[in-house]
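This report refers to the structure that appears directly beneath it.
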């Protein structure tokens with residue numbers, strides 16, 4: 001009898017190991033959320049309803065573990081470090097990440113068929129609290145430098161923000177082909193390697209609340225709430241690194257960006273949209 005019970009337990013463990021069929025994550029920069037999904041297939045049985053409740057709890061745990069894969073795919077800045085590596089070096093503050101993942105919000109609960117459950121959770125990239133940037137910023141201020149115009153190029157315009165088209169294949173200073181991927185902290189340089197702007201030119205509360213730039217996948221998208229109704233529209237010239245965390249713009253565009261108080265204030269307040277490939 002004891003031997004039979006032992007095999008029943010083993011079979012239950014095996015069945016649980018195979019009900020989790022798929023796990024996915026999606027970093028959606030257009031609405032600043034990281035989604036983690038678990039698709040669960042359950043064998044039909046007399047205790048299906050009871051087991052379903054248990055499976056939902058296990059699905060949340062799977063989704064939480066899946067976030068670590070997602071963090072490896074989010075780049076911090078031009079040093080090539082991803083968020084997983086960054087959080088791994090936080091020491092005691094790493095517990096804040098665990099708390100954030102433990103409190104991941106339920107986005108959607110779906111039943112594709114009678115014995116399949118899809119559970120999707122999300123965490124926020126930006127936000128004044130309960131977000132990745134809330135942990136990264138930790139109350140510190142990055143804003144240290146006011147932008148100044150190029151000498152001889154100081155005139156006013158009516159641009160309300162900046163849109164940079166960084167889609168498709170670009171080339172780095174080392175002539176490497178690059179498809180731009182989002183970074184938390186983006187740097188813009190001109191073709192001579194001078195910094196046009198970076199994280200230190202954007203208000204810290206703006207970076208934490210909504211990001212120093214917004215990433216978008218649609219060149220035709222209109223987002224006046226972010227860049228106003230008359231943004232300056234330019235095309236990226238290339239990249240300064242192999243990750244796309246440094247975008248390069250032409251000297252002409254760099255001068256346009258820094259030429260007026262309006263565009264410098266737009267940068268300071270994060271009114272920048274970067275179009276990338278989906």
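Observations, loosely collected:
- Once C-alpha pairs closer than 8 Å and six or more residues apart are averaged by separation and normalised to the residue number of the chain, the relative contact order reads 20 percent.
- DSSP beta bridge pairing in the chain, given as percent antiparallel to the nearest 5: 65 percent
- For the stretch 26-86 versus the stretch 169-242, the spacing of their alpha-carbon centroids is 28 Å.
- When each of the peptides 201-211, 92-102 is scored by the mean number of other C-beta atoms lying within 10 Å of its residues, the order from highest to lowest reads 201-211, 92-102.
- Cα point-scatterer Debye curve for the chain, base-10 log of I(q)/I(0) at q = 0.10, 0.12, 0.14 Å⁻¹: -0.61, -0.80, -0.99
- Computed from label points 7 Å out along Cα-Cβ, the spacing between residue 154 and residue 179 is 4.4 nm.
- Global form of the stretch 227-278, assessed from the alpha-carbon gyration tensor, a/c cut-off 1.5: prolate
- Helical content of the chain, expressed as a calculated mean residue ellipticity at 222 nm, amounts to -9500 deg cm²/dmol (DSSP H runs of 4 or more residues, -39,500 (n - 2.57) each, divided by residue number, nearest 500).
- Helix 48-71 and the longest principal axis of the C-alpha atoms of the chain enclose an angle of approximately 30°.
- Taking the square roots of 5 times each eigenvalue of the Cα gyration tensor of the stretch 14-137, largest first, gives ellipsoid semi-axes of 31, 14, 13 Å.
- Directionally averaged projected area (convex hull, Cα atoms, the stretch 162-275), nm²: 6.4 nm²
- Sorted by Cβ neighbour density within 10 Å, fewest at the top, the residues 121, 86, 217: 217, 86, 121
- Tilt relative to the chain, helix 2-19 - C-alpha long axis, 0 to 90 degrees, to 10: 30 degrees
- Calculated Rg and Dmax of the stretch 188-231 using C-alpha coordinates, Å: 12.8, 33
- Over the stretch 130-278, relative contact order from alpha-carbon pairs under 8 Å, at least 6 apart, %: 41 percent
- FRET efficiency, residue 22 to residue 195 (Cβ-Cβ, R0 41 Å, nearest 0.05): 0.45
- Counting neighbouring beta carbons within 10 Å and listing from fewest to most, the residues 241, 124 come out as 124, 241.
Any read-out appearing in this document is the output of simple, stated calculations on the displayed coordinates, not a laboratory observation. This one's a predicted model, so the numbers in the text were calculated from it and none came from an experiment. Here Cβ is always computed from backbone atoms with ideal geometry, including for glycine, and neighbour counts include all displayed protein chains.
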